[in-house]
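Below: the structure, in structure tokens.
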Amino acid sequence: MTKPSIEPLPKGFITAEDMEKILDPSKRDPETEARRLATLKEIRADREAREARGEPVLLKPGMSFRI
């Protein structure tokens, strides 16, 4: 019986450990988390500015602005 070959996972493949890091805030990289929060704040500020100017705010299906 031959042993299965151990090959690296394909690029972009998410393992269970990766998902645990993504879903558990205590395991997130602080720098990445700060960038994520800054991006969400920019999106919210842009949306509020558009609403204040009376411009329509268009969302793609499945998008939300919860922070």
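The values are calculated or read from the model by the stated rules, or taken from the named source; none is laboratory data. These numbers were taken from a predicted model, which means no experiment stands behind them. Positions of Cβ are backbone-derived with ideal geometry, glycine not excepted, and every protein chain shown enters the neighbour counts.
Do you know which of the residues in segment 7-52 that are assigned to a helix (DSSP H, G or I) and in contact with a helix residue (DSSP H, G or I) (Cβ under 7 Å, 6 or more places away or on another chain) is modelled with the highest pLDDT?
Initially, segment 7-52 is screened for residues assigned to a helix (DSSP H, G or I), giving 16-23, 25-27, 30-52.
The next check asks that each one be in contact with a helix residue (DSSP H, G or I) (Cβ under 7 Å, 6 or more places away or on another chain); those that pass are 20-21, 27.
Values: 20: 80, 21: 76, 27: 75.
Selected residue: 20.
Just to be sure, is residue 66 modelled with pLDDT of 85 or more and of a type outside the set (A, V, I, L, M)?
Details: modelled with pLDDT of 85 or more: no; of a type outside the set (A, V, I, L, M): yes.
No.
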